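S.K.: I am attaching a structure below and will ask some questions about it afterwards.
The values are calculated or read from the model by the stated rules, or taken from the named source; none is laboratory data. Predicted model, so just to flag it, every value in this text is computed and none were measured. Cβ placement follows ideal geometry from the backbone for every residue including glycine, while neighbour counts extend to all protein chains displayed. Heavy atoms of the whole protein, side chains included, go into the accessibility calculation; ligands, DNA and RNA do not. Shrake-Rupley method; radii C 1.70, N 1.55, O 1.52, S 1.80 Å.
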There are 2 protein chains.
Amino acid sequence: MQSVPASSGKRQRVGLGLLGCGTVGSGVVELLHAGATGLAQRVGASLELVRVLVRDAAKVRSDDCPRALLTTRPDEVLADPRVDVVIEVMGGEQEAFEYIVGALDAGKSVVSANKLLLARRGDVLLERAVAAGVDLAFEGAVGGGIPIVRTLREALVSDRVTALVGILNGTCNFVLSRMLDQGDSLMAAVAEAQRLGYAEADASIDLGGQDAAHKLCILARLAFGAAVREQQVHTEGIEGIEPIDHHVAERFGYRIKHLVIGRDHGDELELRTHPALVPARSVLANVSGVLNAALLEGAALGPCLVYGRGAGARPTAVSVVSDVVAVARDIVAGVAGLQTRGIRAAERPVRALGDVESRFYVRFTVRDEPGVMAVLASSLGRAGVSIEQLVQDGLTRGHGAPASVVMLTHRAREAAVRAALADLRSAPAMVEPPRLIRIEET
Amino acid sequence: MQSVPASSGKRQRVGLGLLGCGTVGSGVVELLHAGATGLAQRVGASLELVRVLVRDAAKVRSDDCPRALLTTRPDEVLADPRVDVVIEVMGGEQEAFEYIVGALDAGKSVVSANKLLLARRGDVLLERAVAAGVDLAFEGAVGGGIPIVRTLREALVSDRVTALVGILNGTCNFVLSRMLDQGDSLMAAVAEAQRLGYAEADASIDLGGQDAAHKLCILARLAFGAAVREQQVHTEGIEGIEPIDHHVAERFGYRIKHLVIGRDHGDELELRTHPALVPARSVLANVSGVLNAALLEGAALGPCLVYGRGAGARPTAVSVVSDVVAVARDIVAGVAGLQTRGIRAAERPVRALGDVESRFYVRFTVRDEPGVMAVLASSLGRAGVSIEQLVQDGLTRGHGAPASVVMLTHRAREAAVRAALADLRSAPAMVEPPRLIRIEET
């Protein structure tokens, strides 16, 4: 086998067009500039920034981004024949979609960090990329700087992924960590996250779990070859978590984390995102603050976790540039599109939540009356749910004041647990609807 | 940009030659067989196993490995023109070295999982690979199934790695976990590791830290561009750790782990492997049993951890096949050697251990006599080392029996701490030499 030096008769440069030059875009420009020599060596050609689409060309930007490259007209990037790779870091959905389609159709490879877009329209975009024989890479769209796409796509190339459990929303994780460590209420913790810039003014997409569901849509494609719509992901946020849940969980040896969970059962997939109790000494329980993590399970590999900053301009820019290098290498080698062609996704049946089995944490707020424990226990018993551990807080035998009873169940079908709780909702001693949190032993 | 389909005029197959068909080799054969279709799609050509070197051709093997491919003569693999990639999973040093050199010189790319060889002679092998214009890939040589080489090489391609802290010896980690969780003595824990197959009959290379030092040599090249000899790595094993160290560490909120530590200070590198106290709630503290982890710190990326099975036939085989795919893709694209050419390593100065700053755990075994605390404290004070916390165990004011005193120091230069301890070694109350364990706050 004789190798061909990358420079013999091959292109000397790969042209880059940038859509958006906000914080991530500026980070990309800086990394490209600072690492130019090393990157050129890895690619086998120099990476040259050719055009940068911005909303306001007058705004002051990094010196690494010459004013002459700026344009406010998308076609000046998309139709520029010098542009081989379009880097989309502008965010949003419709405009970004149109520009990416335009780039792909023009035979340009695309690197995008747009999570919402990839989650909602990844199917269409990947199809267009394959049809055009170019690459669509998106490491930056999930988990910021964490190399999770690369690990799924490359490290596990010969393995079968059976499960994926992750902490993929930094806002939720910060809020839960803060509630546990500082004893903050949910609202106080959210306010602190906003003050520190870890949460948007409207944090509902993060706190409600939708952001995590988007990430699961993207990862399910790579992990399980499944085309998943966000409606197929059972999505719960952390809005119902109270300080008492943290305290009781800790007493049982658990911590509460907002998880993304995907499992491949062969016939069906399990796809959900919600708060869960995880063992306090597990690695996931110790991922704190705004950090993210994804724990993959490969049939041959066993567990494999990647962890790091799940958001932020610079970590995301590192992921974007790693994609640019991979895509540019393939262009130089004349095999653009090879990476993307292998991404297969099919519609796959999703297991109904009621059929999912796990252990549960159930917190009842009841009036402290004689016989209340018997009512709770017998209702769960009738539904076939057995109780493994129980804590009662302030339950003092019949003073009529509200008290908390928390039970951890053995493994049970969710439908059975829900039936028992529905049954109890109308029990006279019940002060509030019971609170249910799943337990994940990963 | 027009893409070239991988099949147009390009090779249809990539031939593989396997050196060694023990447990890892069999795992590789099985993964190649089971994943053939998907792998071919990713490579753009089929991966065809052409020849397998074994010691004993009569031994019964997996059905995936036809007897007709077996040979006991290395040249039947190395000189076979159908072999494009040689996969070395035979282990050992001298023979493996000669075969790999033979393969590289014959223009074949090589994938190796041979840690010892890469640590000791990686320089020479990488030079030969670059000279021959082929690739030498070695994800399987460090951390079994953990994608640490790939993360350093690809995810961090545009970033500067400033630190690498890892748990990279599964035997040490199992033994320490067992001492902490079951209260075993070191010897009992080692015996259990041997019983479970996690430790060799002669476990000294693992327990003494040499294995971890080999891994640091390999990773320092990728992380810091440094050519490191194992003699440059300050290496301590876990032989001196006693159950009391685990108990006291836990009381202070720490756990003891055997770490690999590399830091790039710009002018100098820090390179060491030894037991250390890590905060109980850190992710590294919660990597237990035979699992491994590597925490990288990128200047732009921030912290990034990869974690998983650091050894074992199947996880290692997953890494080997991921390398085979990457190398084969480059062969199909006509750019063999591109990956390896970028690996640069230079001799770099290593900071003397005495100049390294950290916090320390110091355990004294002293006779319980009046004034003994004053002697310990004033010796450290004279050396400029200040004490942050102190625990005394069984020190009861003057009964003359041996007692333990443990101090955690503030940050100090190691030379200063060692000077104080040397001073104390001859103190009349000292029953045993003081025990020093570094504290790592990562």
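S.K.: How far is helix B:414-424 tilted, in degrees, relative to the longest principal axis of the Cα atoms in chain B, given as a value from 0 to 90 rounded to the nearest 10?
M.R.: 40
S.K.: Tell me which residues come under 5 Å, amide H to amide H, from B:A383 once H is placed; ignore anything under 5 positions away on its chain.
M.R.: Those qualifying (amide H under 5 Å, at least 5 residues apart or on another chain) number zero.
S.K.: Hey, any idea what % of the stretch B:1-139's accessible area is carbon plus sulfur with a 1.4 Å probe? Can you show the working numbers first?
M.R.: Values: 2990 of 5760 Å².
Here it works out to 52 percent.
S.K.: Additional query: Given contacts defined as C-alpha pairs under 8 Å and at least six residues apart, what's the relative contact order of the stretch B:210-319, whole-number percent? Display every interim value, and only then the final one.
M.R.: On the way: 141 pairs, mean separation 20.7, N = 110.
Here the relative contact order equals 19 percent.
S.K.: Could you give the length gained by full extension between B:T72 and B:E268, i.e. 0.36 nm per residue of separation minus their alpha carbon distance, to one decimal place? Don't jump to the answer; show the numbers that get you there.
M.R.: Numbers: separation 196, 0.36 × 196 = 70.56 nm, distance 4.68 nm.
Gain in length upon complete extension: 65.9 nm.
S.K.: Let me ask something additional. Just want the answer: with Cβ charges of +1 for Lys and Arg and -1 for Asp and Glu, which residue in A:V372, B:I100, A:V391 is farthest toward the dipole's positive end in the protein assembly as shown?
M.R.: In the protein assembly as shown, that residue is B:I100.
S.K.: Using a probe radius of 1.4 Å on heavy atoms only, what accessible surface per residue do you get for the stretch A:135-250? Whole Å² is fine. It would help to have the intermediate numbers written out before the result.
M.R.: On the way: 3610 Å² over 116 residues.
Roughly 31 Å² per residue, with all protein chains present.
S.K.: Consider the operator that turns chain B into chain A: which B residue has a Cβ nearest its axis, and what is that gap in Å?
M.R.: Residue plus distance in Å, as requested: B:A333, 2.
S.K.: Before anything else, pin down the relative contact order of the stretch B:54-162: Cα pairs under 8 Å, at least 6 apart, normalised by residue count, whole percent. Mind showing how you got there, number by number?
M.R.: Details: 118 pairs, mean separation 20.9, N = 109.
19 percent.
S.K.: Ok, one more. Could you give the size of the charge dipole of chain A about its Cα centre, using +1 on the Cβ of each K and R and -1 on the Cβ of each D and E, expressed in debye and rounded to the nearest 20? Before the final figure, lay out the partial values.
M.R.: Details: 48 positive and 52 negative charges, 135 e Å.
It comes to approximately 640 debye.
S.K.: Percent antiparallel among DSSP beta bridges with both residues in the protein assembly as shown, to the nearest 5? Present the calculation step by step, with values, prior to reporting the outcome.
M.R.: On the way: 107 of 157 bridges.
Taking every DSSP beta bridge with both residues in the protein assembly as shown, the antiparallel ones total about 70 percent.
S.K.: Moving to a separate point now. Leaving out ligands, DNA and RNA, calculate the buried accessible area for the pair B and A with a 1.4 Å probe, summed over both sides, in Å² to the nearest 100. Before the final figure, lay out each step's value.
M.R.: Numbers: alone 18990 and 19010 Å², together 32130 Å².
For B against A, buried area totals roughly 5900 Å².
S.K.: Near the amide H of B:S358, under 5 Å away, which other amide H atoms are found, from residues 5 or more places off or on another chain, if H is placed in the peptide plane?
M.R.: Residues meeting the criterion, in which the H sits 1.01 Å from N, are B:A412, B:E414.
S.K.: Sorted by mean Cβ packing within 10 Å, highest first, what order do the peptides B:330-343, B:55-68, B:129-142 take?
M.R.: Values: B:330-343: 22.4, B:55-68: 11.7, B:129-142: 25.1.
In descending order of packing, they fall as B:129-142, B:330-343, B:55-68.
S.K.: How high is the relative contact order of chain B, given as a whole-number percent (alpha carbon pairs under 8 Å, six or more residues apart)? Walk me through the numbers before you get to the answer.
M.R.: Details: 940 pairs, mean separation 73.6, N = 442.
So the answer I get is 17 percent.
S.K.: Let me ask something else about it. Under 17 Å between alpha carbons, and skipping anything fewer than 8 positions from B:K10 in its own chain: which lysines qualify?
M.R.: Once the sequence-local lysines are set aside, what remains near B:K10 is A:K10.
S.K.: Given a 10 angstrom Cα cut-off, can you work out which residue in A:A401, A:A420, A:A412 is the most mobile in a GNM of chain A?
M.R.: A:A401
S.K.: May I ask you to list the lysines whose Cα is less than 30 Å away from that of A:K257, ignoring any residue fewer than eight positions away on the same chain?
M.R.: A:K115, A:K215, B:K257
S.K.: Who wins for biggest fluctuation among A:V111, A:V86, A:V157 in a Gaussian network model of chain A, springs between alpha carbons below 10 Å?
M.R.: Greatest mean-square fluctuation among the candidates belongs to A:V157.
S.K.: 5 Å is the cut-off here: which amide hydrogens, built 1.01 Å from N in the peptide plane, fall below it relative to B:T235, excluding neighbours closer than 5 in sequence?
M.R.: So B:T235 has HN proximity to B:T273.
S.K.: Between B:Q231 and A:A374, take the C-beta separation as r, use R0 = 41 Å, and let me know the FRET efficiency to the nearest 0.05.
M.R.: On the way: r = 71 Å, r/R0 = 1.74.
My answer for the efficiency is 0.05.
S.K.: Under the Karplus relation 6.51 cos²θ - 1.76 cosθ + 1.60, θ = phi - 60°, what is the ordered set of whole-Hz ³J(HN,Hα) values for the stretch B:328-343, x standing for Gly and Pro?
M.R.: Working through the residues one at a time gives 5, 4, 5, 5, 4, 7, x, 10, 3, x, 5, 5, 6, 4, x, 7 Hz.
S.K.: Taking the Cα centre as origin and putting +1 on Lys and Arg beta-carbons and -1 on Asp and Glu beta-carbons, what dipole magnitude results for the stretch A:1-153, to the nearest 20 debye? Write out the running numbers ahead of the final one.
M.R.: Working: 18 positive and 18 negative charges, 64 e Å.
Charge dipole of the stretch A:1-153: 300 debye, to the nearest 20.
S.K.: Let me ask something else about it. Can you give the net charge of the other residues whose Cβ lies under 12 Å from the Cβ of B:A191, counting K and R as +1 and D and E as -1?
M.R.: 0
S.K.: Could you derive backbone 3J(HN,Hα) for the stretch A:93-103 from the dihedral phi with the Karplus parameters 6.51, -1.76 and 1.60 (θ = phi - 60°), listing whole Hz in sequence and x where the residue is Gly or Pro?
M.R.: Karplus values, whole Hz, x for Gly and Pro: 10, 5, 4, 4, 4, 4, 5, 5, 4, x, 5.
S.K.: Indicate the residues belonging to the stretch B:11-36 that lose 30 Å² or more of solvent-accessible heavy-atom surface (probe 1.4 Å) upon moving from the chain alone to the assembly of all protein chains, ignoring ligands and nucleic acids.
M.R.: SASA drop of 30 Å² or more in the stretch B:11-36: B:L31.
S.K.: Quick one: what are the phi-derived ³J(HN,Hα) couplings along the stretch B:367-377, Karplus 6.51/-1.76/1.60 with θ = phi - 60°, whole Hz, x for glycine and proline?
M.R.: Rounded to whole hertz, the list is 6, 6, 10, x, x, 5, 4, 4, 4, 4, 5.
S.K.: If you don't mind, there's one more thing I want to ask. Rounding to the nearest 10 and keeping the result within 0 to 90°, find how far the Cα-based axis of helix B:210-224 lies from the longest principal axis of chain B.
M.R.: 70
S.K.: Leaving ligands, DNA and RNA out of it, report the carbon-plus-sulfur percent of the accessible area of the stretch A:226-372 at a 1.4 Å probe. Walk me through the intermediate numbers first.
M.R.: Numbers: 2070 of 4270 Å².
Answer for the stretch A:226-372: carbon and sulfur cover 49 percent of the accessible area.
S.K.: I want the antiparallel fraction of DSSP beta bridges within chain A, as a percent rounded to 5.
M.R.: Details: 51 of 76 bridges.
If I count the DSSP bridges inside chain A, around 65 percent turn out antiparallel.
S.K.: Follow-up question, since we're still on this one. I need the inter-copy label distances for A:V391: point set 7 Å along Cα to C-beta, values in nm with one decimal, smallest first.
M.R.: 2.4
S.K.: Per residue, how much accessible area does the stretch B:12-126 have with a 1.4 Å probe, in Å²?
M.R.: Heavy-atom accessible area per residue stands at 40 Å².
S.K.: Charges at C-beta only: +1 for Lys and Arg, -1 for Asp and Glu. How large is the resulting dipole of the protein assembly as shown about its Cα centre, in Debye rounded to 20?
M.R.: Numbers: 96 positive and 104 negative charges, 143 e Å.
Here the protein assembly as shown has a charge dipole of around 680 debye.
S.K.: Can you list the residues in the stretch B:283-309 whose accessible area drops by at least 40 Å² when all protein chains are present, compared with the chain alone? Use a 1.4 Å probe, heavy atoms only.
M.R.: Buried-area filter returns B:V283, B:N286, B:A300, B:L301, B:P303, B:L305, B:Y307, B:R309.
S.K.: Restricting to DSSP H runs of at least four residues, report the calculated mean residue ellipticity at 222 nm for chain A, -39500 (n - 2.57) per run over all residues, nearest 500 deg cm²/dmol. Before the final figure, lay out each step's value.
M.R.: Details: 14 runs with 152 residues, N = 442.
Dividing the helical sum by the residues of chain A leaves -10500 deg cm²/dmol.
S.K.: Continuing with the same structure: Looking only at other chains, what is the average number of their beta-carbon atoms within 10 angstrom of each beta-carbon in B:330-342? Could the numbers behind the result be given before it?
M.R.: Details: counts 4, 2, 3, 9, 11, 12, 4, 4, 11, 2, 0, 6, 7.
Across B:330-342, the average partner-chain Cβ count within 10 Å equals 6.
S.K.: Which one, B:Q94, B:Q210, B:Q232, has the greatest fluctuation when you compute a Gaussian network model over chain B with C-alpha springs under 10 angstrom?
M.R.: Fluctuation is largest for B:Q94.
S.K.: Quick check: the angle from helix A:170-182's long axis to the longest principal axis of chain A, C-alpha only, nearest 10 degrees?
M.R.: 40
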